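Visitor: Dumping the structure here so I can ask a few things about it.
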Amino acid sequence: MEGLLAQLVGTDPGVARDAALELGDRREYGAVPAMLEILGATPEVSLRNGVALALSDMHIPETFEVVADLLRQYHIRGARGTLLYALRPFDCTPILPLLSICSSRTRGNPRARRPISSPR
């Protein structure tokens, strides 16, 4: 696991993504804190998606809040699909309004350019 953790926190986003997916496949629960931190902090879409999927496959409850927070952020509005998919093992009832907004925002929709938190 140590080698995969080193790759996860390394400088190559592709290698880190692959390491996250492998850690998830192996159910390496000792890697969860680092994976949650990376999920919430990385600007790399591919890495974020890989970590989100790995944590989701592991059914890590904290994944729900981190992903919900990410979905509220304006800068990821064009890269939400995998994050939404990563919510599949969780009860999403508390964020149904957020999910409704995410699903209604498409390219060409002028309202999609506004942050989710802005009033309508």
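Visitor: Looking only at segment 53-71, which residues have a backbone nitrogen under 13 Å from a spot 7 Å from the Cα of Asp25 in the C-beta direction?
Guide: Residues passing the 13 Å test: 54.
Visitor: Within the set of other residues whose C-beta is less than 13 Å from the C-beta of Met1, count the net charge using Lys and Arg as +1 and Asp and Glu as -1. Mind showing how you got there, number by number?
Guide: Working: positive: Arg26, Arg27; negative: Glu2, Glu22, Asp25, Glu28.
Once positives and negatives cancel, what remains is -2.
Visitor: Please work out whether the chain counts as rounded, prolate or oblate from its C-alpha gyration tensor, where a ≥ b ≥ c are the square roots of the eigenvalues and a/c under 1.5 means rounded, while otherwise a/b larger than b/c means prolate and anything else oblate?
Guide: Numbers: a/c = 2.71, a/b = 1.80, b/c = 1.51.
It is prolate, given that a/c is not under 1.5 and a/b is the larger ratio.
Visitor: When Lys and Arg each count +1 and Asp and Glu each count -1, what net charge do the other residues less than 11 Å away from Leu70, Cβ to Cβ, add up to?
Guide: +2
Coordinate-derived values only; no laboratory data. Being a predicted model, the structure only gives us computed values, none of them experimental. Heads up, the Cβs are rebuilt from the backbone with ideal geometry, glycines too, and the neighbour counts pull from every protein chain shown.
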